[in-house]
Every structure is written in structure tokens, then in C-alpha cells.
């Protein structure tokens, strides 16, 4: 079965601190991995994606993620969080097993303390 | 340019009513997806169109749900005889082509509340 687990429902970090959001996936073939951000009243916006090659991928807004096949993980990181990063973050997986659909995790809500 | 738009943004229905939710994808986008996002959950796939063809409807939860895409552009998700468990945000996404190499662009969603 295809699934994504985001273990942290809520995370609070101080502005300027580093951030890591965890994502673990289960997929029976080569996975394509994505991170999306959702702000209140806004649609999901793609932050970054991993298809193949370099396991450290850079995205928009200063985010990066590292694919670790041995750990079935694709954690999202940012060295210094800004107040505007407060939002909900979703990890998603897709690939040859599921047609073109994405399977999303339940999301992690990020709160930024000033 | 214009992104994906959805209407209405909010819909309140009494149990048993039929509803129709509209999605206007980005012009020229070949692929169109519908997802359902329940409160506190991530989006769940409902159905996928490539142009007018509905290639995957494996995520539709019951035969009360149907979708169409006329002229390979605008899409409508219809829910008949709504139930309380249908309350959710319905997200539409479009992409320029088939396959994951193409980014899915999401609309703001329609929040459906069934009383």
C-alpha cells in the first residue's frame, strides 16, 4: 500500500531557529516525493520535489529536503524560519503504482514564535 | 496569469441535497485532478482527467459522486444526496501534461458543509 506518515501534527519554533519536518513513506516502487505548503484560504503550493539523482533537493523559500531511501524518509528543512513560514505542510508520494495521483500525509502545522 | 479557480468557495447543503462544484483549470492544462480534504487530514485523491477523458475514478467514495470535464477545460464534481460525511474541502488541481514531471497547481478549494 502507498502511504505517507508525518509524525508531528504541530510544531512550534522560534523565528530565526532551524526547522525540520519529518516525512516517512511506504511505496512499492520508485517513489516521487513532494512537499507542499498550505496557508489559510490558499491552495497548496509546491515547495520542492524529488524524482531521482541528487538526494538533497532545493526548493522555493529557502527550503530543502533530503531523500533517504534506507530510512524511507524525505524530511523538510530550513536553516532559519521566518514568521511568514507559519502554515501547514504536506508531504506526498506518487509513482508508477498509482497512476498520476498523489498520496498525501496528514500534514504538520507549523507555528512560529516571535 | 490566472491560477486554478473554484466556485463556490463555500457551500452549505442540507442532507439529501445535490451539489455541484466547479473547477476552472489553468488554460491549456491537460490534466485535472479532484481531491477531498477532510478536517485535519491531508488531501485524498478522488479522480483524474486527461483532457476530456476520465482516466482514473478509483478514489470516488460512492456512486453518489461523479465528475465530468467538458471540452477538456472546466470540470464539475457532483455529489448527489449529500451526507454529513461529505463535509470537507474539495480541491481541484491542474497540470500541463501527464505524469509527475509536471507540477500540479491547486485551486483554493470549495468548503462543503452538510447539515
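What follows is calculated from the coordinates using simple rules that are stated; it is not laboratory data. Please read these numbers as outputs of a predicted model, since none were measured by experiment. FYI the Cβ positions are ideal-geometry reconstructions off the backbone, even for glycines, and counts take in every protein chain you see.
Cβ crowding within 10 Å, taken as a proxy for footprinting-reagent exposure, orders A:23, A:91 from fewest neighbours to most as A:23, A:91. The fewest-to-most ranking of B:48, B:102 by surrounding Cβ atoms within 10 Å reads B:102, B:48. In percent, rounded to a whole number, the relative contact order of region B:19-115 is 32, using alpha-carbon pairs under 8 Å and six or more apart. Mean partner shielding of peptide B:24-34, defined as the number of other chain Cβ atoms within 10 Å of each residue Cβ, is 0.
In peptide A:42-51, what is the residue-averaged number of other protein chain Cβ atoms found within 10 Å of each Cβ? Present the calculation step by step, with values, prior to reporting the outcome.
Values: counts 4, 12, 12, 3, 4, 0, 0, 3, 0, 2.
If you average over the peptide's residues, the count of other-chain Cβ atoms is 4.
Counting Cβ atoms of other protein chains within 10 Å of each Cβ in A:99-109 and taking the mean gives 6. Quick one: Cα centre-to-centre distance for region A:47-101 and region B:50-68, in angstrom? After rounding, the separation between the Cα centres reads 28 Å.
Our summary gives region A:1-72 a relative contact order of 22 percent, counting only alpha carbon pairs under 8 angstrom and 6 or more residues apart.
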